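Heads up: the structure comes next, in structure tokens.
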Amino acid sequence: MTEDGIQTAVLNKQPELLKHFAQIIADHKLAHAYLFAGESGIGKDELATWIAMRLFCLNVKDNDPCGQCQECRRISTGQHPDVVIVKPDGQSIKVDQVRFLKSEFTKSAVEGNQKIFIISDADKMTAGAANSLLKFIEEPSPNVTAFLLTTNKNLMLPTIISRTEVVELKPLVPEQFKAQLQDQQITPSLIAMAMNLTNSVVEVENWVKDDWLAQVQAAISRWFLLSFNKDMRAFVEVQANIVGLAKTKETQQLILDIVMLYCREALLLKVNPQNLRLSFPNQDKQIEKQLVNKTTSALMQATEKALAAKSLLNRNVSFQNVLESLTIRLCQTY
């Protein structure tokens, strides 16, 4: 991301925190360790990078880094020797990265008297890495600040949480989230559905890889509309077109969440067709055509059955059995 892009991202995502940290730095009251907690894509990395730029910038103006000087450019591209950035290598922060961190903790700044550590996904540190970090936090060096970034504060060591200043970043408001998904060139129909499933841009980016989410939406749409019409061909759809898309526990749970959204959509269209958080604008007209023959009670029962299906999956009933059983129940209920 460019220097200007970093500042714009923080302004758009976390304007209050940007103002807060600008004042803290101006007052020389920056703490030695912070834990930034919040969902993916809400500005944790950009905020930590902006703070580093503000601390090192050669041409600060109106309490903002210029974004153009050599220091700002090196920080924004991850090339500044006194701004140490560590990100997981795969699913965790590996042993060699831990060694690197331990080594850097003991070194002085290379070019000045200020040193910054930015550790992304800090909850993915091994126990050894976390304990090394704890030692640094307990015995901080002067002019050194660490920023630990996490999507799940509960996975951090309690001792680390107690020794850092915890900053809970606000989730993106719907319009911000929608704008970010639009920037990723995600289709409007998928954005409408995704906004009712998550507030994480990174999650959605993972779902749309290899066209997976679009395939799921198309398959569940066919299945639901058949079930909604009491057409037992929906039973065949489960094995023919859905099971192959549900290869992991996580994707199975997500597909059942989408099933739940469809059942909820029909109920919402019945009781409040003007609702602005609908999930399936491309299918709503087809659903509405059948609503005249559906009672609110039946729609509520169907939603409850979809919710119960997810509970069955959590009790290790096979995904195919769960969805085939739900198909029969929905055809009977609708």
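The values are calculated or read from the model by the stated rules, or taken from the named source; none is laboratory data. For clarity, every value in this text was computed on a predicted model and none was experimentally measured. Virtual Cβ from ideal backbone geometry, glycine too; neighbours counted across all protein chains shown. What goes into the accessible areas is simple: the full protein's heavy atoms, side chains included, and nothing from ligands, DNA or RNA. Shrake-Rupley method; radii C 1.70, N 1.55, O 1.52, S 1.80 Å.
Looking at 325, 227, 279, which one is among the polar types (S, T, N, Q) and at pLDDT below 95?
On the way: 325 fails: at pLDDT below 95; 227 fails: at pLDDT below 95.
Criteria check complete, one pass: 279.
Residues in the range 128-168 that are modelled with pLDDT under 90, polar (S, T, N, Q) and in contact with a helix residue (DSSP H, G or I) (Cβ under 6 Å, 6 or more places away or on another chain): 132, 152, 159. The single condition from (1) more than 17 Å from the chain's Cα centre (by Cα); (2) more than 30 Å from residue 243 (Cα to Cα); (3) open to solvent by less than 70 Å² (accessible area, probe 1.4 Å) that residue 150 fails is (1).
In the range 18-32, how many residues are touching a residue at least 12 places away in the same chain (Cβ under 8 Å) and either over 21 Å from residue 122 (Cα atoms) or surrounded by 20 or more Cβ atoms within 10 Å (Cβ to Cβ) (or both)? Talk me through it step by step, then tell me what you get.
Looking only at the range 18-32, we keep the residues that are touching a residue at least 12 places away in the same chain (Cβ under 8 Å), and these are 18, 21-23, 25-26, 30-32.
This time we only want the ones that are either over 21 Å from residue 122 (Cα atoms) or surrounded by 20 or more Cβ atoms within 10 Å (Cβ to Cβ) (or both), so: 18, 21-23, 25-26.
Result for the range 18-32: 6.
Take the residues in the range 90-127 that are crowded, with 19+ Cβ neighbours inside 10 Å, more than 22 Å from residue 76 (Cβ to Cβ) and among the aliphatic types (A, V, I, L, M), then tell me which one is modelled with the lowest pLDDT. So that I can check it myself, show each step before the final result.
Taking the range 90-127 first, the residues crowded, with 19+ Cβ neighbours inside 10 Å are 93, 98, 101, 105, 115-125.
Subsequent filtering for residues that are more than 22 Å from residue 76 (Cβ to Cβ) retains 93, 98, 105, 123-125.
Checking the rest, the ones that are also among the aliphatic types (A, V, I, L, M) come to 93, 98, 125.
On the way: 93: 81, 98: 76, 125: 82.
Checking each candidate, the answer is 98.
Taken over the range 221-271, the criterion of being without any contact (Cβ under 8 Å) to a residue 24 or more places away in the chain, over 21 Å from residue 291 (Cβ atoms) and among the aliphatic types (A, V, I, L, M) is satisfied by 236, 240. The helices (runs of 4 or more DSSP H) falling completely within the range 167-271 that include 1 or more residues that are open to solvent by less than 20 Å² (accessible area, probe 1.4 Å) and closer than 24 Å to residue 308 by Cα map to 188-194, 212-228, 233-237, 249-271. Determine, yes or no, whether residue 144 is in contact with a His (Cβ under 7 Å, 6 or more places away or on another chain), open to solvent by less than 50 Å² (accessible area, probe 1.4 Å) and in contact (Cβ under 8 Å) with a residue 60 or more places away in the chain. Considered against the rule, which asks whether it is in contact with a His (Cβ under 7 Å, 6 or more places away or on another chain), open to solvent by less than 50 Å² (accessible area, probe 1.4 Å) and in contact (Cβ under 8 Å) with a residue 60 or more places away in the chain, residue 144 comes out as yes. Residue under question is residue 90, and the condition is that it be in contact (Cβ under 8 Å) with a residue 24 or more places away in the chain and either small (Gly, Ala, Ser) or closer than 15 Å to residue 25 by Cα (or both); does it hold? Here the answer is no, as residue 90 does not meet what is asked.
Does the range 131-151 hold any residues that are aromatic (Phe, Trp, Tyr) and in a helix (DSSP H, G or I), and which are they? Please lay out each step first, then the result.
First, the residues of the range 131-151 that are aromatic (Phe, Trp, Tyr): 136, 147.
Passing the criteria: only 136.
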